[in-house]
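Structure incoming, see below.
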Amino acid sequence: MADRADIRQGGVHIAVPHESGAAHVTGQAVYADDIAQPADLVHCHLATATIAAGRVTHADLAAVRTAPGVIAVLTGADIPGENEVGPVIHDEPMLALDGGEKVHFAGQPLFMVVAETLAAARRAAALAVVSYEATTPILTIDDAVSAGSYLSEPYRMAKGDVQAALAAAPHRLDGQVDIGGQDHFYLEGQVALAWAGEGAEMHVVSSNQHPSECQIVVARVLGVPSNQVTVEVRRLGGGFGGKETQANLMAAGAALAARLTGRPAKLRMDRDQDMIVTGKRHEFRIAYDVAFDDRGQILGLRTEQFARCGWSTDLSHAIADRAMFHADNCYFIPAAEIVSHRLRTNTVSNTAFRGFGGPQGMVGVERVVQRIAYHLGLDPFDVRRANFYEPPGGSGERSVTPYGMAVQDCVIAEIADDLAGRADYRTRRDAIAGWNRDNPVIKRGIALTPVRFGISFTTTHLNQAGALVHIYADGSVMINHGGVEMGQGLQTKVMQVAASTLGVDLDSIRATPTRTDKVPNTSATAASSGADLNGMAVARACQTLIDRLSAFAADHWGGAVAFGHGEVSVGGTTIRWADLISAAYLARIQLSATGFYATPDIHWDREKADGRPFLYFAYGAAVTEVAVDTLTGEARMLRADILHDAGQSLNPAIDLGQVEGGFLQGAGWLMMEELVWDDKGHLKTHAPSTYKIPCASDRPPVMNVALWEKGRNPEPTIRRSKAVGEPPLMLAISAFEAVAEAVAATVAATVAAGGGRYPQLDSPAVPQVVLAALASVAK
């Protein structure tokens with residue numbers, strides 16, 4: 001950690017504390033639900049459907065309307081604008097009781113109760129008498145395929161002649177892997193607070209990753225133009241993608257209640273309802289057919305991806321697209337075909353989650369590589385190494401992806417080799433083989449897996465950001481931008497960028513809440529783009545101010561101008577920053593500027609499935625060792641070694657925290673977090689008592705995490721840094737594959753050259769799934 005002098009001076013590439021860190025640990029940080037409640041605040045509660053498919057045949061809400069404390073009971077018919085909260089395609093009614101009465105999943109909001117207290121609203125909602133005509137729900141991937149239930153036609157990416165490669169190859173394997181979903185389980189639940197202003201004005205405080213989209217949705221529901229709606233976000237208690245679109249329902253509900261009652265309104269879900277009503281990570285099935293040579297080098301690969309999207313579109317098309325973009329991970333595949341099926345089911349509409357489909361695509365290809373290695377009796381790391389995209393400066397023959405983009409920055413071989421040495425991978429692998437020969441019950445496994453993750457929104461127009469920077473007459477600085485702080489340290493990094501650009505102390509910078517009336521038309525804080533986009537926009541605004549101040553100083557005092565550390569050198573004379581600003585103010589120099597950044601050199605032709613959807617790639621690798629109890633199916637991580645490329649990190653302390661947190665969240669997804677629906681479509685794992693997320697004891701006892709010292713982004717990103725929000729999650733695939741190796745070790749043939757038997761391990765690798773995998777190799 002930097003000393004106090006460095007912290008005060010700010011700048012980038014140093015480890016300064018999170019700007020709200022002290023407020024977090026002391027409880028002083030203000031979240032949406034902490035805002036002092038106005039005396040006339042009303043509370044909202046969503047009443048939800050109890051069937052997964054069918055229609056409402058009768059709804060008697062009379063007892064609800066007359067219950068104690070109830071102010072209003074609102075249905076779709078009461079919405080002044082459009083009864084619609086779908087973010088892209090308008091296929092998601094806000095309240096299902098609107099005349100159509102169709103029900104698409106158990107938990108779909110039917111109507112909303114507005115009452116003096118939240119308890120009164122909940123008690124009243126329970127008095128509703130609702131009758132249904134239920135139909136058989138489509139719940140699983142198998143159900144949807146059998147019923148032909150799709151959101152759209154299949155989408156395909158391809159290069160080369162896959163069929164010829166498969167037919168002519170010396171070796172060929174096929175199989176599939178099922179990959180479970182995941183609940184976001186942010187510590188702060190979904191919440192919004194709204195106040196009606198003069199005329200049609202509406203102010204909304206929301207726990208939301210995409211304020212501009214929230215503004216559009218609220219305006220749509222209220223039937224007003226966007227300039228009447230202001231959305232404000234100070235911070236989130238976690239988002240992970242679960243508040244990119246899902247938070248709009250809460251914001252629109254609170255705004256609707258505020259508009260129709262004339263009183264401030266709050267809509268806050270409890271944990272159970274939050275988990276039932278809001279979307280998850282997409283469940284996937286990935287089927288593959290792969291051709292390879294004696295060295296394990298892939299000659300051709302056909303992959304089919306089946307994504308369970310839920311009842312409405314949400315962001316499923318973009319998520320499924322990104323799964324396709326990452327179906328190759330770090331591996332050059334000369335002939336490839338990737339086909340994606342987006343399935344509609346009577347379950348909650350799945351949504352963005354850290355990695356946005358990329359993790360599912362990577363799990364598929366990592367299973368392919370692992371099976372190739374076992375088929376040939378080779379070390380899986382050697383097979384991975386043989387298939388890597390070529391490093392920078394290569395011939396270009398092994399650089400083109402299945403979607404036509406040349407990979408020109410592939411440093412994964414160097415990172416993986418470095419990590420293998422640091423983690424003593426080869427020696428430990430041999431030792432684990434010895435352990436497994438001597439221990440019949442507890443088996444161990446080790447795996448080294450790489451990550452190559454594309455950075456940019458694949459929807460090209462979202463790659464833009466704006467910023468507003470004010471310098472006040474006393475020299476203090478206020479910054480505002482479209483990014484949202486959700487614990488990831490975005491504000492800290494952007495403040496460091498501003499301090500370094502202006503040459504002032506970090507203490508003089510203040511980052512203010514994200515507001516749609518300060519910076520308009522911004523993109524979601526997602527796709528690991530927060531610092532890349534908003535940092536560059538703030539830097540450009542600051543540079544505009546520096547250019548103005550330089551011209552003023554040169555004219556006012558004469559001589560060359562240089563800024564740094566709270567002082568300005570003009571013609572050899574040193575002037576305090578505050579004195580320069582005071583003089584500029586008196587001289588009527590504009591001390592406010594906007595900045596704008598649009599990611600260059602990216603394009604995507606979706607019809608042709610060809611282009612450059614990413615500006616660059618983030619890389620990393622992990623070695624994880626696990627132990628599996630073959631009697632109970634329990635799996636535990638024993639050690640993890642991680643080396644991750646953050647480029648020239650803007651803040652190494654924050655980035656290390658992101659790597660550690662991402663890895664553990666990914667391990668939770670692949671190892672323990674299980675979503676269970678019954679055959680009626682009811683989610684049974686909707687509370688901490690039934691849905692298990694990783695805790696401190698699930699962290700490997702030995703965990704060595706480092707940022708790659710040689711990291712430097714070849715693209716002109718903000719201070720040559722690389723995004724670090726999503727890529728580390730996929731490092732946890734090493735833990736999943738290590739479990740598979742431990743399971744495979746139960747059969748002697750699998751550890752001999754050419755043994756070939758490899759377990760059918762699906763995720764999450766909970767005990768019953770591990771036991772099934774053990775049975776699969778014992779046959």
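The values are calculated or read from the model by the stated rules, or taken from the named source; none is laboratory data. All of these numbers come straight from a predicted model, not from anything done at the bench. Note: ideal-geometry Cβ built from the backbone for every residue, glycine included; neighbour counts use all protein chains shown. Protein only, heavy atoms only, side chains kept; ligands, DNA and RNA dropped before computing areas. Shrake-Rupley method; radii C 1.70, N 1.55, O 1.52, S 1.80 Å.
Quick check: the distance between the Cα centres of segment 459-538 and segment 666-729, to the nearest angstrom?
25 Å
Between SER569 and ALA287, what is the label-point separation in nm under the 7 Å Cα-to-beta-carbon projection?
So the label points at ALA287 and SER569 sit 6.9 nm apart.
So, one more: State the volume of the convex hull built on the alpha-carbon positions of segment 409-471, expressed per residue in Å³ and rounded to an integer.
It comes to 216 Å³ per residue, whole-number rounded.
Which translational diffusion coefficient, to the nearest whole µm²/s, is obtained for segment 565-713 from the Stokes-Einstein equation, given a Kirkwood hydrodynamic radius over C-alpha pairs, 37 °C and 0.692 mPa s? Kindly include the intermediate steps, with their values, before the conclusion.
Working: Rh = 21.4 Å.
Result for D is 153 µm²/s.
To continue, here is another question. Whenever you get a sec, line up HIS18, HIS90 from highest to lowest accessible area (probe 1.4 Å, protein heavy atoms).
Numbers: HIS18 40, HIS90 95 Å².
The residues order as HIS90, HIS18, largest area first.
Hey, another quick one. Where the accessible area of segment 162-266 is counted over protein heavy atoms with a 1.4 Å probe, how much of it, in %, is carbon and sulfur?
After summing per-atom areas, the C and S share lands at 51 percent.
Rounded to the nearest 500, what is the chain's calculated 222 nm mean residue ellipticity when only DSSP H runs of at least 4 contribute -39500 (n - 2.57) each, over all residues?
-9000 deg cm²/dmol
What order do ILE276, ILE479 take when sorted by accessible area (1.4 Å probe), most exposed first?
Working: ILE276 50, ILE479 0 Å².
Largest to smallest exposure gives the sequence ILE276, ILE479.
For percent of Cα pairs over 34 Å apart, pick the label among (i) 71; (ii) 60; (iii) 51 that corresponds to the value derived from the coordinates.
For percent of Cα pairs over 34 Å apart, the calculated option is (iii).
Please give the peptides 34-47, 501-514, 179-192 ranked by average Cβ packing (other Cβ atoms within 10 Å per residue), highest first, as a rough proxy for protection.
Details: 34-47: 17.4, 501-514: 20.9, 179-192: 22.9.
Sorting 34-47, 501-514, 179-192 by mean packing, highest first, produces 179-192, 501-514, 34-47.
7 Å from Cα along Cα→Cβ at both VAL25 and ASN439: what's the point-to-point distance in nm?
3.6 nm
Where does the charge balance sit around VAL30 when Lys and Arg score +1, Asp and Glu -1, over other residues with C-beta under 14 Å from its C-beta?
-4
So, one more: For LYS443, which aspartates and glutamates qualify as cross-link partners when the Cα separation must be under 12 Å and same-chain residues fewer than eight apart are set aside?
Candidates past the 8-residue exclusion: GLU625, ASP629, GLU634, GLU741.
Take every Cα-Cα pair in segment 289-417 and report what % of them are more than 21 Å apart.
Tail of the P(r) past 21 Å holds 44 percent of the pairs.
Tell me the Rg and the Dmax, in Å, that the Cα atoms of segment 196-320 produce.
Spelled out, the Cα radius of gyration and Dmax of segment 196-320 are 20.7, 74 Å.
Given R₀ = 35 Å, FRET efficiency for ARG156-ALA598 by Cβ-Cβ distance, to 0.05?
0.75
Enter the mean projected area of the convex hull around the alpha-carbon atoms of segment 484-629, in nm², rounded to one decimal.
The directionally averaged projection comes out at 15.2 nm².
Once you have the alpha carbon radius of gyration of segment 667-773, what is it after dividing by 2.2 N^0.38 Å, with N set to its residue count?
Dividing the Cα radius of gyration by 2.2 N^0.38 Å gives 1.45.
Ok, one more. Quick one: of the DSSP bridges fully inside segment 289-444, what percent are antiparallel, nearest 5?
Here the share of antiparallel DSSP bridges comes out near 40 percent.
ARG354: net charge of surrounding residues, Cβ under 13 Å, Lys/Arg +1, Asp/Glu -1, itself excluded?
Cβ neighbours under 13 Å give a net charge of 0.
Can you list the lysines whose alpha carbon is less than 17 Å from that of LYS692, not counting same-chain residues fewer than 8 positions off?
The reachable lysines, counting only those whose Cα sits under 17 Å from LYS692, are LYS280, LYS684.
Just the number, please: percent antiparallel of the DSSP beta bridges in the chain, rounded to the nearest 5.
That works out to approximately 80 percent antiparallel.
May I have the pair-distance distribution P(r) for segment 473-534, computed from all Cα-Cα distances with 5 Å bins from 0 and rounded to whole percent?
Spelled out bin by bin, segment 473-534 gives 3, 19, 29, 23, 17, 7, 1, 0 percent.
What full-extension length gain, to one decimal in nm, is calculated for ALA77 and LEU638 as 0.36 nm per residue of separation minus the Cα-Cα distance? Could the numbers behind the result be given before it?
Values: separation 561, 0.36 × 561 = 201.96 nm, distance 5.65 nm.
My answer for the length gained is 196.3 nm.
How many percent of the accessible area of segment 659-764 is carbon or sulfur, using a 1.4 Å probe? Spell out each step's value before the answer.
Working: 2110 of 3950 Å².
Answer for segment 659-764: carbon and sulfur cover 54 percent of the accessible area.
Here's a follow-up. Please give the length that would be gained between ALA696 and ASP60 if that part of the chain were fully extended, namely 0.36 nm times their separation in residues minus their C-alpha to C-alpha distance (nm, one decimal).
Taking 0.36 nm per residue and subtracting the Cα distance, the gain is 224.2 nm.
On to the next question. Over segment 193-288, what is the relative contact order in percent, taking alpha-carbon pairs closer than 8 angstrom and at least six residues apart? Before the final figure, lay out each step's value.
Details: 139 pairs, mean separation 32.5, N = 96.
Computed value for segment 193-288: 34 percent relative contact order.
Going by average Cβ density within 10 Å per residue, which order do the peptides 563-571, 166-174 take, highest to lowest? Show your work: numbers first, answer last.
Details: 563-571: 17.1, 166-174: 14.1.
Most protected by this proxy first, the peptides run 563-571, 166-174.
If you take every residue apart from MET536 with its C-beta less than 15 Å away from the C-beta of MET536, what net charge results, scoring Lys and Arg +1 and Asp and Glu -1?
On the way: positive: LYS493, ARG540, ARG719, ARG720, LYS722; negative: ASP532, ASP601, GLU715.
Summing Lys and Arg as +1 and Asp and Glu as -1 gives +2.
Another question about this same structure. Can you pull the Rg over Rh of segment 131-245, Cα-only, Kirkwood?
Over the Cα atoms of segment 131-245, Rg/Rh equals 1.19.
Want the number for LYS102 to ALA126: 0.36 nm per residue separation, take away the alpha-carbon distance, what's left?
6.6 nm
Excluding same-chain residues fewer than 8 positions from LYS722, which lysines have a Cα within less than 24 Å of its Cα?
Excluding near neighbours in sequence, the set is LYS243, LYS493, LYS710.
Given a 1.4 angstrom probe, what's the average accessible area per residue across the chain, in square angstrom?
35 Å²
Pairs of Cα atoms under 8 Å, at least six residues apart: use those to get the relative contact order of segment 440-575, whole percent. Mind dumping the intermediate values first?
Working: 188 pairs, mean separation 35.4, N = 136.
Relative contact order, segment 440-575: 26 percent.
Highest mean first, how do 205-215, 92-102 rank when packing is the count of other Cβ atoms within 10 Å averaged over residues?
205-215, 92-102
With a cut-off of 8 Å between alpha carbons and a minimum separation of six or more residues, what is the relative contact order of the chain in percent?
On the way: 1972 pairs, mean separation 119.4, N = 779.
After rounding, I find 15 percent.
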